[in-house]
Every structure is written in C-alpha cells, then in structure tokens.
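The values are calculated or read from the model by the stated rules, or taken from the named source; none is laboratory data. Small disclaimer: the values here were computed from a predicted structure and weren't measured. Cβ sites come from the backbone with ideal geometry, for glycine too, and all protein chains shown count toward neighbours.
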Amino acid sequence: MITTPAGFDPALDILLDDDAIAHVFVRDSLVLFSDSPGALPWRFYRGEGLRAARVHGIGRHEGKSHVAVALDDDVSARSLPSSLRAANLRSWFSVIDDATLSIAMRAVQVLEWDRTHRFCGACGTRTDQADNERAKRCPSCSLTVYPRISPAMMVLVTRGRELLLGRGINFPPGRYSALAGFLEAGETIEEAVHREVLEEVNVKVDNLRYFGSQSWPFPNSLMIAFRAEYAGGELRHDPAELADAQWFTPENVPQMPPSLSIARALLDSTLAELR
Ligand SMILES: [Zn+2]
C-alpha cells in the first residue's frame, strides 16, 4: 500500500531549478526516461528540450526538492523525444520505487486541480494562485478553491470465513475487489458504507471496523477502508454498478487488485486472519 514516505516535508515555495527533482506530466500521464524510470533533476528533462508550462512545489524528501511540472497543453505523449515515455501513473506501479510513486501521486493531483481551476467557477474570471497556501483565488469575486479531494468508502464484508467481492463493470477480466463507492453530500463515511453495500449487493452489514485510508489520484480520491460483517439480505448485485458479486472462501479467492492499493492490503490482512 502506498503512503507518504517517512521524512517527506510538504512545501509550496520551491523553484524549478536544474537540481530540483521533477515529476513531469503530460495531462495525467507521467513522463520518464524509458531506460531509467524514476524522477530525475529537471536538467535532464530540460536537456531533452522540454519546457515547463506550469510548476508547483510539492515538498522535500531526503534533502531534495520535488516539483510538479506540467508540459504545455499542445505537447502530447506521442510528440515527446524517443528517450521519454509518458504513461498513466498506474502503468508505472512496481516500475518506479514507492517513494517516487507516492510523491508523483501528490504531484498529479495538484497539477490536475491547477489545470481544471484556471477560471473561477462562479464568475469565469481567470484565477490567481494564493500566496501562502495551496489555493486559487478569484480576483473578481474572491471565491477561493482548494485542491479537491473526493472521499470514497471501501468495505470488505465477511460472513464467517467467506468474503464478499465484486467485479466493477470496468475491471480487467477476472479481477474482483472489495466494494467501494463515493460519499454523497451530507453523509458520514459509515452511512456511505451501509448505503453503498445495500445499493450494490442488497446486503446489510454491521460491526464496521476502520482499516485505513489511502490517497488514490484517479483522479482525486481518498479511499477510506473498513471491514464489516454480514447482517442480512440475499446477495443480488446491481448490474449498473457491478458485473458480478460473489462470496468467496480464502481457498478460492479470484484475481485480486494490485499490491500497491489499499484494496489489496485490506484483502491480504483479512485473508491472513481468516486462514
Ligand atoms: Zn469569481
């Protein structure tokens, strides 16, 4: 499971000098050297002819400054020099080290927030970057917007030694996972767990136990994970949300989510207990 590396110190005011470690993006795709995947000082990217369009300080780690760099909007993954490759962050999982990945996961969320809040949502005026906080302010109507983070619940429901897993309609073939869904305005996280489980699989749960949380930048979720116990209802999945849902025993669990996700950590921890 990916978490912020120990000793990471968030910071806003970092200059894009040649020695700053650059997390370079084309839209939401991370740009890395194909033959040495991992974030490098900006001078290497600059040496390939890249120019930064938008830059945000992210923080400091192990004595180095980290910055998020967005390339110009007219740069595409295909127009990059052949030494570089741009790909969705997910495809860099297990290719780059976890600390770099974690900082890149922060960087992409800041850049996407920046890209999608260039104009005030209330009056349409171009926004300004606030001086001393991660915020954008409208010079006309003073609306202030902060990076958007969307909380979502995740829950692994157990019934004795069985686990309830679902297949999202967009999952890769054969993949199952714990149930998940976004909060609605005004809900508590616990209410969201009860509502989503009932909506998605027609099952009631109780004995919620907090497991942990993980930032998940696809595009801006905070996954908040629980265990819960079956408390009634006949399993029947909502075909609008799930392609399938089943009870599995620890002996016949299907293909599971990638190892860096909280979904996998939740499953592994529960399976270890049930076995
Ligand atoms: Zn405004």
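Looking only at segment 17-47, how many residues end up being assigned to a loop (DSSP other than H, G, I, E, B) and either out of contact with any helix residue (DSSP H, G or I) (no Cβ under 6 Å at 6 or more places or on another chain) or at pLDDT 95 or above (or both)?
9
Tell me yes or no: at least one residue of segment 185-206 is touching a strand residue (DSSP E or B) at 6+ places or on another chain (Cβ under 6 Å), in a loop (DSSP other than H, G, I, E, B) and not small (Gly, Ala, Ser).
Looking for residues that are touching a strand residue (DSSP E or B) at 6+ places or on another chain (Cβ under 6 Å), in a loop (DSSP other than H, G, I, E, B) and not small (Gly, Ala, Ser), one finds none in segment 185-206, hence no.
In contact with a Ser or Thr (Cβ under 8 Å, 6 or more places away or on another chain) and either small (Gly, Ala, Ser) or surrounded by 13 or more Cβ atoms within 10 Å (Cβ to Cβ) (or both) - does that describe any residue in segment 62-73?
No, the conditions are met nowhere in segment 62-73.
Looking only at residues in segment 138-154 that are within 11 Å of the ligand (Cβ to nearest atom) and assigned to a strand (DSSP E or B), which one is nearest to ASP73 (Cα to Cα)?
VAL145
Within segment 78-137, can you find the residues that are within 16 Å of the ligand (Cβ to nearest atom), touching a Leu at 6+ places or on another chain (Cβ under 9 Å) and basic (Lys, Arg)?
If the condition is that a residue be within 16 Å of the ligand (Cβ to nearest atom), touching a Leu at 6+ places or on another chain (Cβ under 9 Å) and basic (Lys, Arg), then LYS136, ARG137 are the ones that fit.
Being surrounded by 18 or more Cβ atoms within 10 Å (Cβ to Cβ) and under 19 Å from the mean Cα position of the chain (by Cα) is the filter; apply it to segment 33-56 and report the residue that is nearest to ILE96 (Cα to Cα).
ALA39
Which of the residues spanning segment 126-142 are among the hydrophobic types (A, V, I, L, M, F, W, C), surrounded by 15 or more Cβ atoms within 10 Å (Cβ to Cβ) and in contact (Cβ under 8 Å) with a residue 12 or more places away in the chain?
CYS138 - this is the single residue of segment 126-142 that is among the hydrophobic types (A, V, I, L, M, F, W, C), surrounded by 15 or more Cβ atoms within 10 Å (Cβ to Cβ) and in contact (Cβ under 8 Å) with a residue 12 or more places away in the chain.
Identify all residues within segment 118-157 that are within 22 Å of PHE182 (Cα to Cα) and out of contact with any His (no Cβ under 6 Å at 6 or more places or on another chain); write none if there are none.
Listed by number, the residues that qualify are TYR146, PRO147, ARG148, ILE149, SER150, PRO151, ALA152, MET153, MET154, VAL155, LEU156, VAL157.
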